[in-house]
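Scroll down for the structure; my scribbles are underneath it.
The values are calculated or read from the model by the stated rules, or taken from the named source; none is laboratory data. Quantities reported herein were computed from a predicted structural model and do not represent experimental measurements. In this analysis, Cβ positions are derived from the backbone assuming ideal geometry, glycine residues included, and neighbour counts consider all displayed protein chains.
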Amino acid sequence: MKQTTLGLGLLAATAAMAAPSYADKLDDIIASGTLRCAVVLDFPPMGMRDDSNNPIGFDVDYCNDLAAALGVTAEIVETPFPERIPALMSGRVDVGVASTSDTLERAKTVGMSIPYYAFENAVVANEGVEMATWEDMKGKTVGATAGTYEAIWLEKQITEWGEGTFRPYQTQADVFLALSQGQLDATVSTVEVANANVASGNFPGIKIVDKAPMVPDYVSLFTLREEYGLINYLNLFVNQQVRTGRYAELYEKWIGEGEPADLTIPGVYR
Amino acid sequence: MFDTALTAADFAFLARGAGMTIVVTLISVIAGTILGIVFGVFRYQVGPIWAAPLTFVLDVFRSIPLLIQLVLANAFLGTILRLNMSGFTVACIILSLYTAAFCAEIVRGGIEAVPMTTRRAARSLGMTWGQDMRSIVLPLATRVALPSWIGLALGVMKDSALVYIVQVTELLKSTQILITRLQEPLLLLMICGAFYFVISFPLARFGGYLEKRWSND
């Protein structure tokens, strides 16, 4: 008798605990009709504002595409770089579409999708110098902003080749000025900076030669790490963006001509 | 010096931000003052022991920085209670309670400043508690409390700059957006400061005028 009561009690307790049906974030977003994206708006061309102060850029379009896929309206929540993850954790946004590098450190806090974009590096040269591929930098005078990833890589290449000169500069503007004036034959910078500097016309006589074979900076969408339903959706969404050609379209719209970065890594899954 | 990329549209954008600051401030000061009067009278009337729970809540609102209150309230209302509130609503609720917490103290101080003998005299003339409050305490306490209340209203107007954290684009946030785009911080901050001055100066002068007028008779 006593055991039956205890058993019934346990059964009731289990039922009571299991009872509240759990709607996950994906359901919540669809039900609320709004997708709130964390976007960094002082990071052109990924996020910035137009002349009437409306958010524009690659990430803004990407968020709008995601919202359209979910059948909801997008709300762009401006977050500075250090605020991206806190904004998610305090419930101010649903997902981050904020050019966030998929570091293992961040993955301890938030759930990362597969990469949706990768920042590559380009070789930029003076128009007067004969160059076709990145390897033509061998024996040339090259330079970059001292201490940066690009500078370290360039210096290493020069030492490896055993010929050519490396010159460090204080700022990126100095590097491009030197390149434009012919003091440098070539430099390496991110594709986005290279395209913007060529397009701006502030540095006449420079051209983009080739992509540099450096490991790109892969960036991912992110959301709460326990929201597997949403993370699955994000992964498929990134895949669809590439498959449908929207990725290339957005690349051409915001970054410029050329082949967008390959989002797969040879020799490994995911 | 005056070579600027600021356009008329950007100026209108700033003005819209200023409008948002005024709306948030008006709602919060009006709601906060009404609540503050209720809380202040209640605290004075029931005595320190019975009012202790209310005093505690008001102290919490007075002592925690507004920025933290806004973030926590937004997270609590949005993520835990799952109320689909706009940032504007959250901002108004929190700023009103914040104003009410300070206003309650001002009201209590004002009532305490009315001499007990005057109030006893009123009651011995046969006035009810309500009549005493309306005709004796209200006019005398208002004079005492007005300067602090004006100070509070101006303070809330400037504190409203913090509501940007719940996605309300008010004056300071609009300025920051323009600074990011145009890279002209000094000019934009000067314009922003001028806007704040234009909003608060009339209120400050109105307070000064009332003080002068009421002190002569």
Review point. Which numbered condition trips up B:R82, out of (1) touching a Gly at 6+ places or on another chain (Cβ under 6 Å); (2) within 14 Å of chain A (Cβ to nearest Cβ)?
Key: (1)
Practice item. Take the range A:88-116 and flag every residue that is over 16 Å from the mean Cα position of the chain (by Cα) and surrounded by 23 or more Cβ atoms within 10 Å (Cβ to Cβ). Key: A:L88, A:V93, A:D94
**Study point:** Restricting the range A:73-84 to residues that are surrounded by fewer than 19 Cβ atoms within 10 Å (Cβ to Cβ) and more than 9 Å from every other protein chain (Cβ to nearest Cβ), the residue that is nearest to the chain's Cα centre (by Cα)
**Key:** A:F81
Practice item. Could you please give the count of residues in the range B:5-59 that are within 14 Å of chain A (Cβ to nearest Cβ) and among the polar types (S, T, N, Q)? Key: 1
Exercise for review: Please name all residue pairs, on different chains or six or more residues apart, with Cβ atoms under 6 Å, provided the first residue is in the range B:144-166 and is farther than 15 Å from B:A31 by Cβ and the second residue is of a type in the set (G, A, S) and surrounded by 19 or more Cβ atoms within 10 Å (Cβ to Cβ).
Suggested key: B:V144/B:G110; B:A145/B:G110; B:V166/B:G87; B:V166/B:A91
Review point. Mind checking which residues of the range B:181-194 are surrounded by 21 or more Cβ atoms within 10 Å (Cβ to Cβ) and either more than 14 Å from every other protein chain (Cβ to nearest Cβ) or free of Cβ contacts under 8 Å to residues at least 12 places away in the same chain (or both)?
Key: B:C192
**Study point:** Residues of the range A:199-222 satisfying the condition of being assigned to a helix (DSSP H, G or I) and in contact with a Gly (Cβ under 8 Å, 6 or more places away or on another chain)
**Key:** A:A199
Check your understanding: On the given criteria, is A:E83 among the acidic types (D, E) and in contact with a strand residue (DSSP E or B) (Cβ under 7 Å, 6 or more places away or on another chain)?
Key -> no
Review point. Among the residues of the range A:238-270, how many are among the hydroxyl-bearing types (S, T, Y), assigned to a loop (DSSP other than H, G, I, E, B) and surrounded by 17 or more Cβ atoms within 10 Å (Cβ to Cβ)?
Key: 0
Review point. If you check B:V41, B:V60, which single one turns out to be part of a helix (DSSP H, G or I) and farther than 19 Å from B:A141 by Cβ?
Key: B:V60
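The rows are residues; the columns are (1) surrounded by 19 or more Cβ atoms within 10 Å (Cβ to Cβ); (2) more than 14 Å from chain A (Cβ to nearest Cβ); (3) among the aliphatic types (A, V, I, L, M); (4) under 28 Å from B:I27 (Cβ atoms).
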site: B:G126; (1), (2), (3), (4): no, yes, no, no
site: B:T142; (1), (2), (3), (4): no, yes, no, yes
site: B:I179; (1), (2), (3), (4): no, no, yes, yes
site: B:F201; (1), (2), (3), (4): no, yes, no, yes
Exercise for review: Go through the residues of the range A:227-243 one by one and say whether even a single one is within 30 Å of A:E130 (Cβ to Cβ) and not charged (D, E, K, R).
Suggested key: no
Check your understanding: If you go through the range A:223-237 one residue at a time, do you hit one that is assigned to a strand (DSSP E or B) and either in the same structural domain as A:G182 (by TED's automatic domain parsing) or of a type in the set (S, T, N, Q) (or both)?
Key -> yes
Review point. Got a sec? Which strands (runs of 3 or more DSSP E) wholly within the range A:80-187 have at least 1 residues that are assigned by TED's automatic domain parsing to the domain that holds A:N235 and in contact with an Asp or Glu (Cβ under 6 Å, 6 or more places away or on another chain)?
Key: A:95-101, A:110-126
